[in-house]
Amino acid sequence: MKLTLSVIKADIGSIGGHIQPSHELFQSVREHLAAHGRKLIVDSYLSYTGDDIAILMTHSHGSGDPAVHRLAWDAFVAGTSVAKAQGLYGAGQDLLKDAFSGNVKGMGPAVAEMTIDERPNEPFLFFAADKTDPGAFNLPLYLAFADPMNTPGLILSPKMSKGFRFVIMDVSHAEADRVIELNAPEESYDIAALLRDAERFVVESVWSRASGEQAAAVATSRLHNIAGKYTGKDDPVMLVRTQMNFPATGEVLAPYATAHFVAGGMRGSHNMPLMPVCLNTGTSYFDGPPLVSCAGFAMHEGKLTEPVDCFAHPFWDSVRARAADKSMEMRRQGFFGAAMLPMSELEYTGITEKLAALEGRFTTRAEAGVERAAA
Ligand code: F6R
Ligand code: MG
Ligand code: MG
């Protein structure tokens, strides 16, 4: 059966700053979906990660379907009025356009979608991250789909030995989607050379070279490309199918044990480690650390099972403790060096303005040689 998985997420307001949505807001989005989605979608699941609400929908209308996108947009619009009525911070902040125009891409919300031939059993993972951007998934995807040190399936399973095709987007190119397709393992050095620069080159999708099936879909939107300036971080969502022709669930989850440093903590302007957290976890220390949650599902003809909270297992407690230590270690150096993002990625204009104001106060000393000659 051909099925589409669509995840659409937005930050439409939260309690106590950028911490987490209110219960009433979350419920209003859920109620809108229940009231208006019945005929359109097969099933849905709602979660929040930090201050972002993500809607996962299964349906048969294909990727980019205007009615499905409108359902999510309207649910976020309905939520926004609740957020405003409750005085939540950043009410409606990710809804950057006034009127819906057929597809939420380019309107603020993040989207990850894939249309698949549903397997007789269809395990997949739905990731959502807050206080970071789509490049946060570069390293875990590289490790899961291109590195046999992480994924033994790449050498053990004949179904995976042909490797995977990475579609990578240059997100600095605002005018249009600029993408490149590269094959692992032959071009894995090229893939690594791009993915290292996670603020510019972002994995958009991954495909099995053995079967041609799509394995992963990542939201790649950069809000400042839409609004022309920073309006918040591009907290990303991702779908990954697992098992059979794809890496095992554990091979996809294992890279998160690194708690690697990603862009986006505090004011969207700091490098902090990515902490794997339980579903529906808010944000805390230093508006972070950046969080990632993961819901595992099985599905039959689009009907979802209950989610398994993949990072709730006791194993992840020690990873969380290490991520907290790494966060505090990085915070010891305040705004110096690697702690704060480069100028091009800062979410605020304060430093640029300060430097511009100081520009006229710089003086250029005469060259020592010239001074000597004059003396
Ligand atoms: C991401 C997030 C942060 C804020 C940033 C700006 O979810 O919450 O990246 O966008 O901290 O905060 P304000 O709007 O208070 O300047
Ligand atoms: Mg936010
Ligand atoms: Mg957020």
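For the chain, give me the percentage of DSSP beta bridges that are antiparallel, rounded to the nearest 5 percent. Looking only at bridges with both residues in the chain, the antiparallel portion is about 95 percent. Within region 2-359, what whole-number % of the accessible surface is contributed by carbon and sulfur, with the 1.4 Å probe and all protein chains included in the calculation? Looking at region 2-359 in its full context, I get 57 percent from C and S. With every protein chain in place and a 1.4 angstrom probe, the accessible-area ranking of K39, K97, K303, K9, largest first, reads K39, K303, K97, K9.
Add +1 for every Lys or Arg and -1 for every Asp or Glu among the other residues with Cβ under 13 Å from the Cβ of L279, and state the total. Provide the component values of the computation, followed by the final result.
Details: positive: none; negative: D52, D130, E306, D309.
Value of the local net charge: -4.
Please calculate how many Å² of accessible area the chain carries per residue, with a 1.4 Å probe and no DNA, RNA or ligand atoms counted. Before the final figure, lay out each step's value.
Working: 16750 Å² over 375 residues.
So the chain comes to 45 Å² accessible per residue, rounded to a whole number.
Region 139-156 and region 234-293 have their alpha-carbon centroids 18 Å apart. In this label model, V42 and A176 are separated by 3.5 nm, measuring between points 7 Å along each Cα→Cβ vector. Taking a straight line from the alpha carbon of K2, these aspartates and glutamates sit under 16 Å away, with near neighbours fewer than eight places off in the same chain left out: D43, D65, E113, D117, E118, E122, E213, E301. By a 1.4 Å probe calculation restricted to protein chains, R30 has an accessible surface near 100 Å², given to the nearest 10. Which is the longest stretch in the chain that no exposed loop site breaks, taking sites as GluC sites (Glu not before Pro) with a DSSP loop state and at most 13 other Cβ atoms within 10 Å? With GluC sites (Glu not before Pro) excluded where exposed in loops, the chain gives 1-174 as its longest stretch. Each label was represented as a point 7 Å from its Cα along the Cα-to-Cβ direction; for T364 and K162 these points are 6.1 nm apart.
Unpaired cysteine residues in the chain (no second Cys Cβ under 4.7 Å): C278. Assign one of three labels to region 2-359, namely rounded, prolate or oblate, based on the Cα gyration tensor with a ≥ b ≥ c the square roots of its eigenvalues; rounded applies when a/c is under 1.5, prolate when it is not and a/b is larger than b/c, and oblate otherwise. Since a/c stays below 1.5, the shape of region 2-359 is classed as rounded.
For the set T132, T249, the ranking by accessible area, highest first and with no ligand, DNA or RNA atoms included, is T249, T132 under a 1.4 Å probe.
Ranking D235, D177, D317, D74 from most to least accessible surface, computed with a 1.4 Å probe over the protein chains only, gives D177, D317, D74, D235. A probe of 1.4 angstrom, applied to the heavy atoms of all protein chains, finds S44 with accessible area near 50 square angstrom. Under 18 Å from a label point 7 Å along Cα→Cβ of E306: give me every residue in region 273-295 with its amide N that close. In region 273-295, the label zone of E306 (backbone N under 18 Å from the point 7 Å along Cα→Cβ) covers 278-281, 294-295.
Less than 5 angstrom separates the built amide H of G264 from those of S269, H270, N271, M272, all sequence-distant by 5 or more or on a different chain.
Helices in the chain that qualify as membrane-span-like (whole DSSP H runs, Cα extent of at least 24 Å along the helix axis, mean Kyte-Doolittle hydropathy of -1.0 or higher) are 66-86, 315-331.
The values are calculated or read from the model by the stated rules, or taken from the named source; none is laboratory data. Quantities reported herein were computed from a predicted structural model and do not represent experimental measurements. Reconstructed Cβ throughout: ideal geometry from the backbone, glycine too, with neighbour counts over all protein chains shown. For the accessible areas, the whole protein counts, side chains as well, though only heavy atoms, and no ligand, DNA or RNA atoms are used. Shrake-Rupley method; radii C 1.70, N 1.55, O 1.52, S 1.80 Å.
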